[in-house]
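Chemist: Below is one structure. I have some questions about it.
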Amino acid sequence: MQRTIVPFQSIATARPTRETQGMAKPACASGCGAKVEGSPEDMAPEVWERVKDHPCYNSEAHHYFARMHVGVAPACNIQCHYCNRKYDCANESRPGVVSERLSPDQAVRKVMAVAAQVPQLSVVGIAGPGDALADPERTFATCERVAHVLPDVKLCLSTNGLALPDHVTRIVALGISHVTITINAIDPEIGAQIYPWISFAGRRFTGVEGATILRDRQLLGLDMLVAAGVLVKVNSVMIPGINDQHLKEVNAEVKRRGVFLHNIMPLISDPAHGTHYGLTGQRGPTPQELKALQDELSGGAALMRHCRQCRADAVGMLGSDQSAEFTLDRIPEGESEGLSPEDVVKRKVYREIVEAERADRRQAAEAADDMVAIAAPEEKMLVAVCTQGGGRINIHFGKATEFPVYEVDSRGVRLIGHRRPRTNYCKGGYGEDDALGEIITALEGVAAVLSVKIGNRPRKRLEEAGIKTAEYPQEYIETAVAAYFRDQTEAATEDGRLTA
Ligand code: CLF
Ligand code: SF4
């Protein structure tokens, strides 16, 4: 089996220091950085312990830890206008080709194979391809067995919430510590524009009646989970013209009820997916519209901004899907009773390395807030980075398949989302002009791209499009973004002085 463990290798074997990089001085000359997002000081110690290695519930953790989904839940009990059952559940995944549907036995085999190869694996989630609780026995049998053979992973579920109140007791008993509920509306008039029908208590309900039942069950399940101490995340699909403005009410309501995170996901709508919205021309929001809504919600329920809308069979770090390496035909047959002692040690050592890396990153970040604080309040910019994990700028521009975007101003450096063109620029030694055009379109509004290296041709095209480039090999992302911002604002001030 092909093995790809990029972030582990980059941290464990190549932990770069300024000395090993041969850097006479830091890329940021003052050695400054920025406060990293999702740090332990942002939450109670017991909560930190529960989220510090969950790549979705903790933004910092997504640089270091991986999740995998096992597609054991094909059935669903509602219909969403953004879903076509031929594809994965769009509540918790990007519509793609149908996943390999697994029995609980097959799922456990797959989990063990991934855990042995991917020491970053910290969470096993069930997110479809239908609803995790529409046929709960398959979901619970899988969770029970995974907890038995791999006690160091967290168990995570995603559900539309209709069946949730019936299963909270079992969820708690099985030690499922993290649950996501997709709530797109609390106003049933709006819900009726999203859900044509639900199936409940042996009957089909449509329109406002169906949307009311769904809303009531979602909120009841949420309250029960919060009361039981389960960490709840709410996902909402942002649908322009239908629920985009209403999501402010949803955010306030779920905050009031004690959710840990609210994840607003852009509608993915394409006629090729055969969904109602795709076929009727309902568009998804632009990155700018999504950011504007998220900015309006600051002060409400805490927002997740690093979601990748991953598939129901996704494997690996968020944003780098390794699922093709772990199809059933590549996994050994037979029962698995647990990891080998070597693999157990490998996973333990990885966590120790991450602890050290996180401490180092925070230390490097301490001075950054001071550095960016000298900027005028109105100065801000969006900066995209090229990374393959570890919280560092560690790939060439041509290899980047997605671009995390950070906003920087006098208050600090914050991740605001990801831009994902359909393909990367470099194709085995040569660059593709069409891909470059798509990347430039995807980066609209971004002031600069920071990478390990960028070739002359893409650099020139980006600069012609008004996007600057800079190289910060192996530097921490926040440190590099803060240094770039400082240098640019200082240069602008200098230019102003010279022309005054
Ligand atoms: Fe999976 Fe979801 Fe658990 Fe994460 S995904 S069930 S909470 S382990 Fe994560 Fe993927 Fe976004 Fe979901 S990036 S789609 S939020
Ligand atoms: Fe599709 Fe998921 Fe909605 Fe069910 S809950 S209809 S699987 S998007």
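Chemist: Give me the Kirkwood hydrodynamic radius of the stretch 288-404 in Å, from all C-alpha pairs, to one decimal place?
Modeler: 18.9
Chemist: Relative to the compact-globule scaling 2.2 N^0.38 Å, provide the ratio for the alpha-carbon radius of gyration of the stretch 358-499.
Modeler: Cα-based Rg divided by the globular estimate yields 1.05.
Chemist: Let me have the relative contact order for the stretch 65-330, percent, based on Cα pairs under 8 Å that are six or more residues apart.
Modeler: The value is 24 percent.
Chemist: For the chain, what does -39500 (n - 2.57) per DSSP helix run (n ≥ 4), summed and divided by total residues, give at 222 nm, in deg cm²/dmol to the nearest 500?
Modeler: Roughly -10500 deg cm²/dmol at 222 nm, from the helical runs in the chain.
Chemist: Next up: Can you give me the angle between helix 207-227 and the longest principal axis of the chain, using Cα atoms only, in degrees from 0 to 90, rounded to the nearest 10?
Modeler: Tilt relative to the chain: about 70 degrees.
Chemist: At 20 °C and a viscosity of 1.002 mPa s, what translational diffusion coefficient does Stokes-Einstein give for the stretch 141-272, taking Rh as the Kirkwood radius over Cα pairs? Give it in µm²/s as a whole number.
Modeler: Calculated translational D: 137 µm²/s.
Chemist: Report Rg(Cα)/(2.2 N^0.38 Å) for the chain, keeping two decimals.
Modeler: Here the answer is 0.97, to two decimals.
Chemist: Same structure again: What ranking of Asp244, Asp105 emerges when the number of other C-beta atoms within 10 Å of each C-beta is taken as an exposure proxy, fewest first?
Modeler: Placing the least packed residue first, the sequence is Asp105, Asp244.
Chemist: Determine, for His148, His276, His81, the number of other Cβ atoms within 10 Å of each Cβ, and report the residues in order from fewest to most.
Modeler: His148, His276, His81
Chemist: What is the log10 of I(q)/I(0) for the stretch 91-213, computed with the Debye formula using one identical point scatterer on each Cα and no solvent, at q = 0.21 Å⁻¹?
Modeler: -1.24
Chemist: Give the Rg (one decimal place) followed by the Dmax (whole number) of the stretch 196-291, computed from C-alpha coordinates and expressed in Å.
Modeler: Rg then Dmax for the stretch 196-291, in Å: 15.2, 43.
Chemist: Against the longest alpha carbon principal axis of the chain, how many degrees, from 0 to 90 and to the nearest 10, is the axis of helix 477-499 turned?
Modeler: For helix 477-499, the angle is close to 40 degrees.
Chemist: Place +1 on the Cβ of every Lys and Arg and -1 on the Cβ of every Asp and Glu in the stretch 65-330, take the dipole about the Cα centre, and give the residue among Met265, Phe65, Thr180 whose Cα lies farthest towards its positive end.
Modeler: The listed residue farthest towards the positive side: Phe65.
Chemist: What is the distance, in nm, between label points placed 7 Å from the Cα along the Cα-to-Cβ direction at Ala227 and at Trp48?
Modeler: The two pseudo-label positions are separated by 3.1 nm.
Chemist: Please tell me the relative contact order of the chain in percent, rounded to the nearest whole number, where contacts are Cα pairs under 8 Å and at least six residues apart.
Modeler: 18
Chemist: Okay, next question. Looking at the stretch 341-439, which GluC sites (Glu not before Pro) are DSSP coil and have at most 10 other C-beta atoms within 10 Å of their C-beta?
Modeler: Answer by residue number: Glu378.
Chemist: How much length would be gained if the chain were fully extended between Val208 and Asp370, taking 0.36 nm per residue of separation minus their Cα-Cα distance, in nm to one decimal?
Modeler: 53.1 nm
Chemist: Please tell me which of these pairs span more than 30 angstrom C-alpha to C-alpha: Lys346/Lys399; Lys233/Lys468; Lys291/Lys460; Lys291/Lys348; Lys52/Lys291; Lys380/Lys427?
Modeler: As for pairs spanning more than 30 Å Cα to Cα, those are Lys233/Lys468; Lys291/Lys348; Lys380/Lys427.
Chemist: Give me the dipole magnitude in Debye, nearest 20, for the chain about the Cα centre, with unit charges on the beta carbon: positive for Lys and Arg, negative for Asp and Glu.
Modeler: It comes to approximately 600 debye.
Chemist: Further question: How far apart, in nm, are the 7 Å Cα→Cβ label points at Asn456 and Glu289?
Modeler: My value for the distance between the label points is 4.2 nm.
Quick note: the coordinates plus some simple rules give every number you see, no bench work behind them. Quantities reported herein were computed from a predicted structural model and do not represent experimental measurements. No Cβ is skipped: glycine too gets one built from the backbone with ideal geometry, and neighbour counts run over all protein chains shown.
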